[in-house]
Structure formats: structure tokens, C-alpha cells
Amino acid sequence: MIVLDEEHENISIEELREELPSQQPRYPCLNKLGLKMSINGCKPELQMMYSGSKKALEKDIGATKIFELRSVDELTEEWLVEKLKFFR
């Protein structure tokens, strides 16, 4: 089961990065943009649950672009802008 943990409006990428746990995978979603946070160093059971549920979540939220991160530190506005350039 996937549970909505928190919902934010008008949050910056930097603020979002600070909200995310560093040792647990997460699916932060930004207006139909899915950011898959499969975190290195988290428990194998969590990684398996994360991997097994990501496709269903992407479909349920109607995600149109999916980007995967391995570390919370990778999530910056510059990183996101660079990724989105491929879709213009």
C-alpha cells in the first residue's frame, strides 16, 4: 500500500530536499512529474517494496515524466531543469 505522507503547495526544490528522509525510498511528485527516490543505503526490504510498487503509482498519478535519484543530495533545481530540457 502506498500512503500519501505529506502534501505541500509552493515548495521549492531545496525545501523538498530537506523534507525527504535520507535512508528511505520516496516518490515525490511534482504536478505529474514523478521523482523516484531509490536511496542507496536503505534496507533491502524497503528497496524491494519500492521497486514493486513504482509502476502502479506512476500509472495511478498519471506521471508523464519519471526521473530517478539515488541520493537526496542529487535533488537540486539545476538538476531538474537539466532533466526537463530533453522534453522541450
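The values are calculated or read from the model by the stated rules, or taken from the named source; none is laboratory data. Bear in mind the structure is a predicted one, so any value in this text is a computation, not a measurement. Methodologically, a virtual Cβ is constructed for each residue, glycine included, from the backbone with ideal geometry; neighbour enumeration extends over all protein chains shown. Each accessible area value is taken on the protein alone, full model and side chains, heavy atoms only, with ligands, DNA and RNA left out. Shrake-Rupley method; radii C 1.70, N 1.55, O 1.52, S 1.80 Å.
Name the single residue, out of those in segment 42-66 being outside any helix (DSSP H, G or I) and hydrophobic (A, V, I, L, M, F, W, C), that is most open to solvent (accessible area, probe 1.4 Å). Even if it seems obvious, please write down each step before you answer.
Applying the first criterion (outside any helix (DSSP H, G or I)) to segment 42-66 yields 42-43, 62-66.
Those still in the list that are hydrophobic (A, V, I, L, M, F, W, C) too: 42, 63, 66.
Details: C42: 18, A63: 26, I66: 58 Å².
In this case the residue turns out to be I66.
Of everything in segment 67-88 that is touching a residue at least 12 places away in the same chain (Cβ under 8 Å) and open to solvent by 60 Å² or more (accessible area, probe 1.4 Å), the residue that is nearest to the chain's Cα centre (by Cα) is E68. Residue count for segment 64-88 satisfying the condition of being under 22 Å from P21 (Cα atoms) and not hydroxyl-bearing (S, T, Y): 13.
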